[in-house]
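What follows is a set of notes on a single structure, which appears directly below.
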Ligand SMILES: [Zn+2]
């Protein structure tokens, strides 16, 4: 399995340096939006869809003024996953599966660029965003991003213990090397995805953490980072439990599982 990290969005939010984001060599603190393009023997798989072409063309309608004001996305079509898939020499039509950690604006925007793909996500996330959003969720999600009618494939609860996590299981016909790892809290049905490469497991933890330094390196993460995560969490207790499981995984299984998250500097080494 060969994995290509793609940075499918770039944010320069006001006050990012208070979140512990270092200033770049050439400019202000910048948050990435890391997706993964995975080469399976017979198809391509995308983990999260990032900011898409339609978001770049019509940001106000697709993402809303609140999100734009809070995150200040740099709107560049070259960041869209579909453009990066093409730049790597692949056919977008070969991306037949998209695994979605959750349906927040910065993770779902690119879905419309791959309308033929099956979109795998937790049933709880589909319910929260698409079927029955509550008052807060109606503000949070942007149905315009799935107005094209994606081919949803929802995955219900249940599964096995794996590393430090519960309820883990393979994603149907994608085989035993692609696992869904429930990491709820940031949203109702937030989950991560673990991919088995030749050099061990790579776990994309989505927004369950915002920086890998949360896993053991920072004894006290920046106060602003913790406040930001609390403010964005649909279930603060569940988010803490998900983060604790990630920390245990890092401490106990760090030699066999590499954990990454969405909003950190891109550039995780190419693997597989
Ligand atoms: Zn996010």
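Tabulated values for the structure
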read-out	value
So residue 229, is it in contact with a helix residue (DSSP H, G or I) (Cβ under 8 Å, 6 or more places away or on another chain) and modelled with pLDDT under 95	yes
Failed condition for residue 230, given (1) without any contact (Cβ under 8 Å) to a residue 60 or more places away in the chain; (2) more than 28 Å from residue 126 (Cβ to Cβ)	(2)
Residues (touching a residue at least 60 places away in the same chain (Cβ under 8 Å) and either part of a strand (DSSP E or B) or within 16 Å of residue 207 (Cα to Cα) (or both)) located in the stretch 31-46	31, 32, 33, 34, 35, 36, 38, 39, 45, 46
Subset tally (residues that are part of a loop (DSSP other than H, G, I, E, B) and within 16 Å of the ligand (Cβ to nearest atom)) for the stretch 215-226	0
Set 137, 125: member being surrounded by 15 or more Cβ atoms within 10 Å (Cβ to Cβ), closer than 22 Å to residue 33 by Cα and touching a strand residue (DSSP E or B) at 6+ places or on another chain (Cβ under 9 Å)	125
Enumeration of residues in the stretch 84-108 that are within 16 Å of the ligand (Cβ to nearest atom), touching a strand residue (DSSP E or B) at 6+ places or on another chain (Cβ under 7 Å) and either without any contact (Cβ under 8 Å) to a residue 12 or more places away in the chain or in a helix (DSSP H, G or I) (or both)	106
Hey, residue 54 outside any loop (DSSP other than H, G, I, E, B), away from the ligand (no atom under 16 Å from the Cβ), farther than 19 Å from residue 4 by Cα and touching a helix residue (DSSP H, G or I) at 6+ places or on another chain (Cβ under 6 Å) or not	yes
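The values are calculated or read from the model by the stated rules, or taken from the named source; none is laboratory data. The shown structure was predicted, so the numbers you read here are calculated from the model rather than taken from an experiment. All Cβ positions, glycine included, derive from the backbone under ideal geometry; neighbour counts span all protein chains shown.
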